[in-house]
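The values are calculated or read from the model by the stated rules, or taken from the named source; none is laboratory data. In this text the structure is predicted, and so the values were computed from the model without any measurement. Counting neighbours? That spans all protein chains shown, and the Cβs are built from the backbone with ideal geometry, glycine included. These area figures cover heavy atoms from the full protein model, side chains too; ligands, DNA and RNA do not enter into them. Shrake-Rupley method; radii C 1.70, N 1.55, O 1.52, S 1.80 Å.
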Number of protein chains: 2
Amino acid sequence: MNRVHNFSAGPAILPVEVLEKATEGLLEYQNKGRSIAEMSHRSAEYEAIDQQAKTRLTELLGLGDDFEIMFLQGGASSQFMMTPYNFLREDQTADYIDTGRWSNKAIKEAKLFGNVHRPYSSSDTGYDRVPGDDELELSANPVYVHFTSNNTVAGTQFATDPETNGVPLVCDASSDFLSKPIDVSKYGIIYAGAQKNVGPAGVTIVIIRKDFLAQADTENVPTILQYQTHAEKIFNTPPVFNVYMVNLVLEWIQEKGGLSYFKKYNQEKAALVYDEIDRDDFYRGAVQKDSRSLMNVTFRLPSEELEQQFLEEAEKIDLYTLKGHRSVGGIRASIYNACPRESVETLVNFMADFRSNNG
Amino acid sequence: MNRVHNFSAGPAILPVEVLEKATEGLLEYQNKGRSIAEMSHRSAEYEAIDQQAKTRLTELLGLGDDFEIMFLQGGASSQFMMTPYNFLREDQTADYIDTGRWSNKAIKEAKLFGNVHRPYSSSDTGYDRVPGDDELELSANPVYVHFTSNNTVAGTQFATDPETNGVPLVCDASSDFLSKPIDVSKYGIIYAGAQKNVGPAGVTIVIIRKDFLAQADTENVPTILQYQTHAEKIFNTPPVFNVYMVNLVLEWIQEKGGLSYFKKYNQEKAALVYDEIDRDDFYRGAVQKDSRSLMNVTFRLPSEELEQQFLEEAEKIDLYTLKGHRSVGGIRASIYNACPRESVETLVNFMADFRSNNG
């Protein structure tokens, strides 16, 4: 197979080694005469996968035993509703750092349950940056502080965990989960749809600190929307095949060298593209330099016509899905963990050639 | 590969032809240099799959254009909450036919939103039957009548759609969806987790009649829990690979001959096992004869010791996952669409031999 260079923002590229292993498990799992997709979630085989994936996450993130890990469904969009449903009462306030499209979707759902305060917003400048810690104006007594650690649409990313003076962080980490180490002690909840850095679409990883979980509402929340339900056991049928693939990706991350390895790898890949953007004025980074994402590199060309031409010529040499989000336009190269350096180098060479021919 | 005989209640056996095609698409989809699992849900490729699967469902069920079809996540357990959240107001009543474990889980969630009336319950007799139409004592003005068309735990099934005098049916069809034709005109909602008859776990098929959908609450319900959200468009990232596999299963169902074919095929397979059960008193069907499920055949042996021995000896000749649900014990053979007649025949021959050796 001739693999193309895949810069999809998500569902995104997966490690080819993982795809190859997964095709085996899809046809026949461990010589057991059936597919992993044909096995009960109560089978010893699936329970081992579930446990192994949780152990890997614990090891990769250095979680200790004060966290619960659960594999849910419905993506970050479901967490937008589930978090306030569990934790935000009508008379309480949660702080939501507003850095773009996904933050706003989270805010919309939280308002159904309680008060929302925005300690920061970059909406005035088109969401071209994330805040420094000294820019956060937290409310008096927030239940939690929610932030989107990486913003796929604008192409911004928090370089470090926001400082909240002990208020638990709730993080939508969908698009940079496991791309670098984080300080888990600050977090009440970390949630992430798998389809960027950790697997195929269809499974959502939710990690909750136990002492934060203890504050959840368990009276008025439907059973399946209570985090406590999923902390106790595998409540209902999980997406067996998807979790199986997540476990393969986690294994791959560990074998490559864990989160420190990927931090460096991702920094290096992103630097290649940003250096090319900054070489002169032909390409223009879409966001402020100190807020640039290592996951989604967004940039503009001198005109929309040139951007269209750029996308068309890129596909001719197998550089795919470089189009910016429909709400902002421009170019977006999503270079998650599984995007190989070779693809980034091919992109950068193409960018240089395109500038020479059209600059 | 030596395929075992897989009688898992779910996630259940899939057609081997579908598994083989899916392994191709998992590695590389349509010679496009990447996996279907690596493609955006906004790609032309995925949108074609989504549309094709919906067209196939429309054709198979004879839906006409007065129904919306959506591919959601979270299984039937999520629908237990979503249906009343959308349709049952605090001062209203919904009728829930109580035929066992799954009906009760649905009832528990509905009570959070409004009043629940049970027009029938077989709890007194251990859920060994489903009602005839003349046994339903509907409330004065129910918003809908909910029923579990097939009960995986007890092994009962409605032979025909319940008669509700025009009140829309809401059906948890998880375990007999697409196993036979139904009269869709009676239904407000049909929902089904895919993992029994239509695909791998991780996608939930929801079919709603448009005039029923028009009555849904769109004010106070979180965005992702509103059916209307998903009727309008693909709202958030769907489980791309899972829907792709569902589409392959639907293609397989069509190629085999559609729902009439499977009705006959499933009747014949089930008759083989029930005839063996009824041959004498060694095996004992777990439910009333007129309520027997064509999907999950449940039966007992003279003692629990013999049941254990039965399960152990069955595995020696590759007859797997025949153990009854942990809440009721006994033997359960789940023989959904994809369970081949050959597996059923092997089971029946084993049952005869086991009786000879132990009767």
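Summary of values
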{"read-out": "Label spacing, shortest first and in nm, from B:N2 to its equivalents in the remaining copies (7 angstrom along Cα→Cβ)", "value": "4.2"}
{"read-out": "Positive-end residue of B:L88, B:Y144, B:L112, charge dipole of segment B:75-172 with Cβ unit charges", "value": "B:L112"}
{"read-out": "Stokes-Einstein D in µm²/s, Kirkwood radius over Cα pairs - segment A:218-259 at 37 °C with 0.692 mPa s viscosity", "value": "262"}
{"read-out": "Reach of A:K32 by Cα under 15 Å, taken over aspartates and glutamates that are not fewer than 8 positions away in the same chain", "value": "A:E24, A:E45, B:E315, B:D318"}
{"read-out": "All lysines inside 17 Å of A:K264 as judged from Cα atoms, apart from same-chain residues fewer than 8 positions distant", "value": "A:K180, A:K256"}
{"read-out": "Per-residue average of Cβ from other chains inside 10 Å of B:25-32", "value": "4"}
{"read-out": "Label geometry 7 Å along the beta-carbon vector: A:D65 inter-copy distances in nm", "value": "6.1"}
{"read-out": "Accessible area of the protein assembly as shown divided out per residue, in Å², using a probe of 1.4 angstrom", "value": "37"}
{"read-out": "B:A214-B:K289 pseudo-label distance in nm [points 7 Å out on the Cα-to-Cβ vector]", "value": "4.7"}
{"read-out": "Cβ neighbours within 10 Å from other chains - mean over B:268-280", "value": "0"}
{"read-out": "Percent accessible area from carbon and sulfur atoms, segment A:131-234, protein chains only, probe 1.4 Å", "value": "43"}
{"read-out": "Relative packing of peptides A:25-38, B:53-66 - highest average C-beta neighbours within 10 Å first", "value": "A:25-38, B:53-66"}
{"read-out": "Relative contact order, percent, chain A [alpha-carbon distance under 8 Å, six or more residues apart]", "value": "23"}
{"read-out": "Estimated Rh, segment B:206-359: Kirkwood, alpha-carbon pairs, angstrom", "value": "18.7"}
{"read-out": "Residue of A:T152, A:T164, A:T204 that the Gaussian network model of chain A assigns the largest fluctuation, springs spanning Cα pairs under 10 Å", "value": "A:T164"}
{"read-out": "Column: log10 I(q)/I(0), Debye, Cα scatterers of segment B:47-198, q = 0.13, 0.14 Å⁻¹", "value": "-0.57, -0.66"}
{"read-out": "Axial C-alpha extent at least 20 Å, average Kyte-Doolittle at least -0.5 - helices from chain B (DSSP)", "value": "B:240-256"}
{"read-out": "Gained length - B:D281 relative to B:A48, 0.36 nm times residue gap less alpha-carbon distance", "value": "78.5 nm"}
{"read-out": "Solvent-accessible area buried by A and B, counting both chains, probe 1.4 angstrom, square angstrom", "value": "4500"}
{"read-out": "Segment B:29-87, accessible surface, carbon-and-sulfur percent (1.4 angstrom probe)", "value": "40"}
{"read-out": "Cβ-derived FRET efficiency at R0 56 Å, A:N165 paired with B:N357, nearest 0.05", "value": "0.15"}
{"read-out": "Estimated FRET transfer efficiency when R0 is 30 angstrom, pair A:D91-B:E90 (beta carbons, to 0.05)", "value": "0.90"}
{"read-out": "Burial ranking of peptide ranges A:210-222, B:68-80 (average Cβ count within 10 Å, highest at the top)", "value": "B:68-80, A:210-222"}
{"read-out": "Ellipsoid equivalent to chain A - semi-axes via the Cα gyration tensor, in Å", "value": "33, 28, 16"}
{"read-out": "The protein assembly as shown: equivalent-ellipsoid semi-axes (sqrt of 5 x gyration tensor eigenvalues, Cα, Å)", "value": "46, 29, 24"}
{"read-out": "Whichever aspartates and glutamates have a C-alpha closer than 15 Å to that of A:K210, once near sequence neighbours (fewer than 8 apart) are set aside", "value": "A:D65, A:D66, A:E68, A:E232"}
{"read-out": "Shielding by partners, peptide A:242-255 (average Cβ within 10 angstrom, other chains)", "value": "1"}
{"read-out": "Subset of A:K54/B:K196; B:K196/B:K289; A:K269/A:K316; A:K289/A:K323; A:K233/B:K289 violating a 29 Å alpha-carbon distance limit", "value": "A:K233/B:K289"}
{"read-out": "Teacher prompt: B:A159 distances to equivalent labels in other copies, 7 Å Cα→Cβ, nm", "value": "7.4"}
{"read-out": "B:K21/B:T55 FRET efficiency (R0 22 Å; Cβ-Cβ; nearest 0.05)", "value": "0.75"}
{"read-out": "Ranked packing of B:176-187, B:339-350, most packed first, by mean Cβ within 10 Å", "value": "B:176-187, B:339-350"}
{"read-out": "GNM result for chain B, Cα springs below 10 Å: residue of B:A201, B:A48, B:A271 fluctuating most strongly", "value": "B:A48"}
